[in-house]
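The values are calculated or read from the model by the stated rules, or taken from the named source; none is laboratory data. Computed from a prediction, not measured in an experiment: that's the story for all the values here. Here the Cβ is made from the backbone with ideal geometry for all residues, glycine too, and neighbour counts use every protein chain on show. Accessible surface areas use protein heavy atoms only, side chains included; no ligands, DNA or RNA. Shrake-Rupley method; radii C 1.70, N 1.55, O 1.52, S 1.80 Å.
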Amino acid sequence: LPFLAPDNWALVVGVGGLGQYGGKLLRLLSGVCIVAVDIDDRKLELAKQAGADLTFNSRRHAELAKELLDLTRGEGMMASFDFVGSDETLTLCISTCASDGKVTQLGLMGGTARIQPFVNSRFEVLYEATLWGNIQELREVVALAESGRLSLIPMEFFPLEQINEVYRKLKAGE
C-alpha cells in the first residue's frame, strides 16, 4: 500500500483471471491510476470494467515502455504487477518502474528479472516474486468478497471429462 498513493501510477501486466482480480483489488484499496497491459482486447475490456483507467494492447504498441514513461511524465510506475512473468513483461515492468517503486512478479512463465541500474532500470527499484500472501491478507480478501465489494470475474465450469479441452484453452490464453 505505501506505493499506491492516489497521485501514483500502477501497472498491471496480464489481465487474465489473476490480473483481473489484481486490478479489482487495486481499485478497491487505492486511488492509484491503473494501467492494464495485455495482448487480448477482450481481456483489456474486462480490465476497464474492473477499474483500469487506461489499457494498452502490447502487440499494437511497439514502443510501449516509452509510451508508459511519457504517460507518467518520465516518472514511471510506482507499482508494477506482472501476472505473466516472461522476459518481455518483466523487462517492461522493470524499465518503467519509478525510483523508489516496486515490481512484483506473480506470473510464472519462466522469465528472468534482470535489473541493471542506469541500463534498464533506475536506482532504488524494489523487486519481489510472490506466490502467496499471509493468512491476514487472505482474511481481508475473503471479507471483501463476502461484503460484495470484490465481485467475481466471469468464469466457466467444465466437467472433469473435458480436462483436455480446458488445458488447451488455458495454454491458448482463453
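Looking at (1) open to solvent by less than 100 Å² (accessible area, probe 1.4 Å); (2) within 19 Å of ASP82 (Cβ to Cβ), which is the one condition that is false for SER147?
It fails just one condition, (2).
Determine, yes or no, whether LYS102 is open to solvent by less than 70 Å² (accessible area, probe 1.4 Å), more than 14 Å from LEU11 (Cβ to Cβ) and either in contact with a Leu (Cβ under 8 Å, 6 or more places away or on another chain) or modelled with pLDDT under 90 (or both).
Values: open to solvent by less than 70 Å² (accessible area, probe 1.4 Å): yes; more than 14 Å from LEU11 (Cβ to Cβ): no; either in contact with a Leu (Cβ under 8 Å, 6 or more places away or on another chain) or modelled with pLDDT under 90 (or both): yes.
No.
Between a residue in the range 127-138 that is under 15 Å from LEU18 (Cβ atoms) and any residue that is open to solvent by less than 90 Å² (accessible area, probe 1.4 Å) and of a type in the set (Gly, Ala, Ser), which pairs come within a Cβ distance under 8 Å, given they are 6 or more apart or on different chains?
Between residues of the range 127-138 that are under 15 Å from LEU18 (Cβ atoms) and residues that are open to solvent by less than 90 Å² (accessible area, probe 1.4 Å) and of a type in the set (Gly, Ala, Ser), the close pairs are ALA129/ALA113.
Considering each of GLY31, GLY74, GLY17 in turn, give the residue that is without any contact (Cβ under 8 Å) to a residue 24 or more places away in the chain, of a type outside the set (Phe, Trp, Tyr) and open to solvent by 20 Å² or more (accessible area, probe 1.4 Å).
Numbers: GLY31 fails: without any contact (Cβ under 8 Å) to a residue 24 or more places away in the chain; GLY17 fails: without any contact (Cβ under 8 Å) to a residue 24 or more places away in the chain.
Answer to the selection: GLY74.
Can you spot a residue in the range 116-125 that is of a type in the set (A, V, I, L, M, F, W, C), more than 21 Å from LEU68 (Cα to Cα) and either touching a Lys or Arg at 6+ places or on another chain (Cβ under 7 Å) or modelled with pLDDT under 90 (or both)? Step through it out loud before you land on a result.
Initial filter on the range 116-125 (of a type in the set (A, V, I, L, M, F, W, C)): 118-119, 123, 125.
Next, only the ones that are more than 21 Å from LEU68 (Cα to Cα) stay: none.
No: the range 116-125 contains no residue that is of a type in the set (A, V, I, L, M, F, W, C), more than 21 Å from LEU68 (Cα to Cα) and either touching a Lys or Arg at 6+ places or on another chain (Cβ under 7 Å) or modelled with pLDDT under 90 (or both).
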